[in-house]
Amino acid sequence: MKIKFTFFALLSVVVLGLNAQQLNNSGFNTWTTLAPTDWGTIESAIGQPFGLATKDTADKVEGAASIAIKTDSVQTPNGKILVSGFVSSGSTAYAPPSFVITGAPFAFRPDTLFFAFKYAPGAGGDTAALQIYLTKNDTIDVIAGGVTIPAAAQWSLIYVPLATAYVSSQTPTELALQFYSSAGGGKTGSLLKVDAVRFGYVNLPSALQQIADELNVNVFPNPASNQVNIQAASDMSGYYFEMVDMNGRIVISENLNGTSVVVNVSELSKGNYVYRISDANGIILNRSQISIAK
């Protein structure tokens, strides 16, 4: 089966408030019969419960559910074929012989993409994939690319840097964010679980920059060995502190409360890391490099 993805211009207009934009239902918590609300799957496009993309309420990172996407054989008029399961923001339709994806309305330029995942490749080895398309009026690519997702037996938090991926200075109008259980031909049984998808922002609107300035965070010592102290001029409740290694993997994620927090870093390996402090919408208000010395 040949799969062709086509993007249509969206006619709807998004009215945005102060906070920079996140995807609707980014934690896959609410579902229609065959797909997460505001996302599309092979099942929702064809109207059949193939089981390639399913809701998992037991194995999740946060909220009510995660999404489980698998590679498996599907019966077609021409016999069984191996198909990679996928989920895409927006909606998905089937116009034989192709799938047509309509991206979700999106009008910001995020700096990073964060998500949690588990991945069990099928026998013989496999690789999952993420693709992201930020476009303007279906004519200009603002970002068009993807990354492979490795095996991970436990839930892993990872981020994808987007700041250097932009190929246009235009403000996008739509976003198609797609997760696949197999990057290529695939192996039967490859299973990808995804949860807690969100975007981070560095270039803040002026009102948010004022909030960042008033927060006035001090992170010390640097270098650190056993603990990192986080002190702020105002209450940090509702904010997050994360440390990322040089491979882009989140190694520490902490909820912040009050004006003073101590984070244990004694189990981290010696080396350089990046820390960031963000609000509940993923907007990064403070970021810098920190070293761990043993």
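Quick notes
- Within the chain, longest stretch clear of exposed GluC sites (Glu not before Pro) (DSSP loop, no more than 12 other Cβ within 10 Å): 63-266
- Translational diffusion coefficient of the stretch 251-294 (Stokes-Einstein, Kirkwood radius from Cα pairs, 4 °C, 1.567 mPa s): 108 µm²/s.
- Taking other Cβ atoms within 10 Å as a rough exposure proxy, Arg287, Arg109 sort from fewest to most as Arg287, Arg109.
- Contact order relative to length of the chain, as percent, for alpha carbon pairs under 8 angstrom and 6 or more apart: 18
- Of the residues Tyr94, Tyr180, the one with the fewest other Cβ atoms within 10 Å heads the list, and the complete ranking is Tyr94, Tyr180.
- Fewest-first ordering of Thr33, Thr92 by other beta carbons within 10 Å of each residue's beta carbon gives Thr33, Thr92.
- In this calculation the C-beta distance from Asp38 to Ala233 is compared with R0 = 51 Å, giving a FRET efficiency of 0.85.
- Here the ratio of the Cα radius of gyration of the chain to 2.2 N^0.38 Å is 1.06.
- The C-alpha atoms of the stretch 39-200 occupy a region whose extents along the principal axes are 45, 38, 30 Å, arranged from largest to smallest.
- Among Val194, Val265, Val83, the largest mean-square fluctuation in a Gaussian network model of the chain, built with springs joining Cα atoms closer than 10 Å, belongs to Val265.
- The stretch between Thr57 and Ala153 holds 32.8 nm of extra length on full extension. This uses 0.36 nm per residue minus the Cα-Cα distance.
FYI, it's all coordinate maths here, none of it is from the lab. Small disclaimer: the values here were computed from a predicted structure and weren't measured. Positions of Cβ are backbone-derived with ideal geometry, glycine not excepted, and every protein chain shown enters the neighbour counts.
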